[in-house]
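Written out below as C-alpha cells is the structure these notes cover.
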Amino acid sequence: MKLIDHVLQIRGLIQQAIDNTFSRLGLEAGTQGSIDSLPAGQQDKYKRLAEIISTHERALGDDYAAARREAISECVFTLFNRLAAIKVMEDRELFPEVIRRRAEHGNLSYAHQQWLEEHPEERSAERMGLKHFLQFKFQELFDTYQIPIYSDDCPYAVFPTADELDEIINTMNAIEQDADCGADIWKGDDILGWLYENFNTAEKLALKDSGDKTEYDKVSLQSQVYTPRWVVKFLVDNTLGKMYLEMYPDSKFTVDEDTEQVKYLIANAPKKHVRRPKPIQDIHLIDPACGSGNFLIYAFTLFYDLYIDQIENYKADISRRDIPRLIVENNLYGVDLDERAVQLTQTALYIKAMELKGRRGQMPAKTHVVSTHFELPTYEDMEMSFEMGDVKWNDKQKETLHEIWEDLRNAYKFGSLVRVKEKFEALIPDEEERGLFDEEFLQGIFAFKNHAMTILRNQTALWNGKGANDYAHSKVNDAMTFLDILSNPFDIAVANPPYTDSANFGPELKAFVEENYRKPLKFNINLYATFIKRCCELTDEDGKIGMIHPHTFMFIKTFEDVREFMIEKTHINVMVDYGLDRVNLFGPGILLDATFYTLDKGLSNINEPGIYFNITANQQEKFKKASLMQAYQDLCDGKDNERVYHLPQSKLKEIKSYPFIYWISDEFREKF
C-alpha cells in the first residue's frame, strides 16, 4: 500500500471512533442530549465539546449538524497528529517507544510494558490499560516538553475506547512494516507534511469533482501543493543565508567544518559588508501561508548553524543549549487558515527543539505559529470593553479600531491577507505632508497603534459577553497572537502561496480581494499574486522575499501590474524559470509550470544584473532538477552554463507590458 492509503485508512478509523465518543456523551448527530443524564466523570468532557459545537454553531448560522461535524473533524485530526508525532519522536529515539510494538515486549510497546510494571492493576483493564497509558504518556509529554497538542487542556483532546485505540495504533504501526513505505519513513523532517497532504485527499477530490468556485473555506484544499525540500532549501538559503552573509561576509557557516563539504550554496554571495549587523535573535522570518511548515522547519536548521557561527566566531553571549528555544521564540513565524496544518507545524518545531537542545536545554515556552481558524464576537458586543477606563478615542481612531476588529473577525476567511498594520499606517500623513502637522500631533498618531494594541489585547482577554466560554477565549488568544504577528515588520518572507485564478473565486473571496488588492496596482488576478504583494508588505524596507508559484505572472498581460511592481519596487536577485516537472517537483497529477525566485526590497543592489535560470526549455521533466543543480553549481563556481542568464533589471522595462523575457540579446530586444 502507498502512504496515502494507510493515512486514509487510519483517518477512517479515527473518524468513526470520535463520532462514537460524541454519541456516547449524548452529542448525537441529530440532537444534543442533556448533560444531566451523564455520570459526573463524563460531564466535563460533555461541557468542553458542547462549547466547541456551540461556538461553531454561531459561525455556521445555528446549524447544529454542521457544527458537530466541524468539532469532530478537529478532534479527528488532533488525535491523528498526536499519534503521528509520537511515531516521529520515538523513531528518532527521543524517548522509549510508546506506540511501536515488539514481540519481545509481549506485543506491547516498551513504554507500555514499563508502565504496567508500575501499574500492575491495569493488566486486567481493557487492552491492558491502553487508554490510561496513552493519557498518562500524553500528559507526560506536555509536562516534560511543553508540546501544546499533548496538554489535557487541548480543546480537541478526545480519547476513544481502548479497543478503538488498539486498532488505530496497529494500523499506524503497519506503515513502517510496508515495503512500499519503508522502515525509515518516520525519520524525514518532512514526513508530517506528507501525512498532512494525504490526510486531506478526500476533501480535495470532492472539491475538484464538485466544479464549485473556490470560496475562502476551500482555498487550502483547492491549491494545497507540497513544497519539495530542495526547493525550500534553495529559497531559504538565498534569502536568510544571503542576508546573513551581507552582515558577516567573512562567515564560513556555508561549509561543514568536519567534512569540508558545502552545506549552503548561495548565489551572488557578497564579499563585503552591505548590511548593518543585527543580533541573530532579531532576524525574523515569516511564512504567511505556512501549511505544515516546510519552510519554517528548514529555516530552523539554518538558523541553528547561524547561532553556532555567532557563538564561535563573533563572541555572541549565547549558550548552545538555549539555541533551539531562542529560534522558536524569536526567529520563526507562521500563519495559516488550516488549524490541522498549524498543529503539525508547531509540533514539528518542538520536535526539532527536542532533538537539538541537549539534556539541560529548555524547551520553547511558545511558538509564533498561529491558525486564523478563530471566531470573534462582533464589535458591538465588544465596544463597551474597548472604551473602558480613561481611554478617549476620537472619531477617526474609533473608526480605525472598528475596521481592525472587523478585519480580525474575517481572518478565519482570509488569513494573513488581512491587512492590520496598514489600517494604523493610513492615519500617518505622507512624507511630504508631515510638515503641515506639529510634532505633538504626529507623536499622538504614532502612539495610537501601540495604545490601541494594548487596549485590544487587554480588554479582549477580559471579554465575558455573549458567547464567551473557555473554547472561545482560547480562540481570542489566537487572534491576539495573529494581531501581534501582522503588526510587526519581518526581515524575510518565504511562501508557496495558494494558487487560484480570479475567475474561480467565490463571491466573498472575490469581494475581499477586489477591495484590498486591486488598487493602485492590480494584484487581484490570482491568489498567489496577492501574496506577492503581501510578502512585500510584511517585510521591512530592506527585506527579502522567496516564493514559488505558477509562472503565469511572467508573460500574461493581466499580470502587467505585478511585473511593474516587482521591477520598480524590488530587485530580482535570482529567478528559476522551471516549468512543468511531475517527477522532481510536485509529483504526478499536478500540472503546474512553476517559477521560484528571491527578491530584495532594499534596492541597494539595483544596478547588479539579476540571475535567471532557463530550466524549462528543451529537456525532459526527469532531467530538470539535475540540470538546475548543475547550472546553480556552475554559477557559484564562476563557470559558464548555457542555462544561466544575467540581465540588468532595467532591460525588462524595454518591452511593452514588461514581460520577463530574459533570454534574448540586446539587439533583438531593441526590435520591440
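Normalising the average separation of contacting C-alpha pairs (under 8 angstrom, six or more residues apart) by the number of residues puts the relative contact order of the range 580-672 at 26 percent. Applied to the range 332-349, the Karplus parametrisation 6.51 cos²θ - 1.76 cosθ + 1.60 on θ = phi - 60° returns per-residue 3J(HN,Hα) values of 10, 9, x, 9, 7, 5, 8, 5, 5, 5, 5, 3, 5, 4, 4, 5, 4, 5 Hz, with x for Gly and Pro. Counted by Cβ distance under 15 Å from ASN496, the other residues give a net charge of -4, where Lys and Arg count +1 and Asp and Glu count -1. For the range 504-587, the gyration tensor built on C-alpha atoms gives an oblate shape. Its axis ratio a/c (a ≥ b ≥ c) is at least 1.5, and a/b is not larger than b/c. Projecting the Cα positions of PHE300, THR345, HIS119 onto the charge dipole of the chain (unit charges on Cβ atoms of Lys, Arg, Asp and Glu, taken about the Cα centre) puts PHE300 furthest along the positive direction. Using the Cα gyration tensor of the range 552-672, with a ≥ b ≥ c the square roots of its eigenvalues, what is the shape: rounded (a/c below 1.5), prolate (a/b larger than b/c) or oblate (neither)? Note, shape of the range 552-672 comes out prolate.
Each semi-axis of the equivalent ellipsoid for the range 65-192 is √(5λ) with λ an eigenvalue of the Cα gyration tensor; in descending order they amount to 22, 20, 15 Å. Using a probe of 1.4 Å, the accessible surface attributed to CYS535 totals some 0 Å² when neighbouring protein chains are kept in position.
Stokes-Einstein diffusion for the chain at 20 °C, viscosity 1.002 mPa s, with a Kirkwood radius from C-alpha pairs, works out to 79 µm²/s. The heavy atoms of ILE297 offer some 10 square angstrom of accessible surface to a 1.4 angstrom probe.
Spatial offset of the range 1-73 relative to the range 239-273 amounts to 51 Å, using the alpha carbon center of each. Check cross-link reach from LYS510 to the aspartates and glutamates: straight Cα distance under 12 Å, and skip same-chain residues fewer than eight apart. Within reach: GLU215, ASP501.
Cβ-Cβ distance of ALA365 and ASP44, R₀ of 35 Å, FRET efficiency by 1/(1 + (r/R0)^6): the value works out to about 0.85. Give LYS601/LYS639; LYS278/LYS601; LYS569/LYS639; LYS398/LYS522 a once-over and call out the pairs whose C-alpha atoms are over 23 Å from each other. Correct reply: LYS601/LYS639; LYS569/LYS639; LYS398/LYS522. Can you list which of the chymotrypsin sites (Phe, Trp or Tyr not before Pro) found in the range 51-97 are DSSP loop residues with at most 14 other C-beta atoms within 10 Å? Here no chymotrypsin sites (Phe, Trp or Tyr not before Pro) fit, given the DSSP loop and packing criteria. Which angle from 0 to 90°, rounded to the nearest 10, does the C-alpha axis of helix 294-313 make with the longest principal axis of the chain? The angle comes out near 70 degrees. Taking the 1.4 Å solvent-accessible surface of the chain as the whole, the part contributed by carbon and sulfur is 48%.
How much area per residue is accessible in the range 1-78 when the probe is 1.4 Å and only protein heavy atoms are counted (Å²)? On a per-residue basis, 47 Å². Considering the range 271-391 at the alpha-carbon level, its Rg and Dmax are found to be 18.2, 57 Å. Counted over the range 216-334 with a bin width of 5 Å, the fraction of Cα pairs per bin, in whole percents, is 2, 10, 20, 22, 20, 13, 6, 3, 3, 1. Taking 7 Å steps out from each Cα toward its Cβ at PHE668 and ALA66 produces label points 5.4 nm apart. Summary value for the chain: 11 percent relative contact order, contacts being C-alpha pairs under 8 angstrom separated by 6+ residues. Legend: calculated FRET efficiency, ALA426 to THR558, from the Cβ-Cβ distance at R0 = 35 Å, rounded to 0.05, equals 0.80. A DSSP coil position with no more than 10 other Cβ atoms inside 10 Å describes the following trypsin sites (Lys or Arg not before Pro) in the range 260-334: LYS271, LYS272, LYS315.
Put simply, when 252-260, 412-420 are sorted by average Cβ atoms within 10 angstrom per residue, most first, you get 412-420, 252-260.
The values are calculated or read from the model by the stated rules, or taken from the named source; none is laboratory data. Bear in mind that the values here come from a model prediction, so they are computed numbers and not experimental data. Quick reminder, even Gly has a Cβ in these numbers, built from the backbone with ideal geometry, and neighbours come from all protein chains shown. Note: accessible area is taken over every heavy atom of the protein model, side chains too, but ligands, DNA and RNA are not part of it. Shrake-Rupley method; radii C 1.70, N 1.55, O 1.52, S 1.80 Å.
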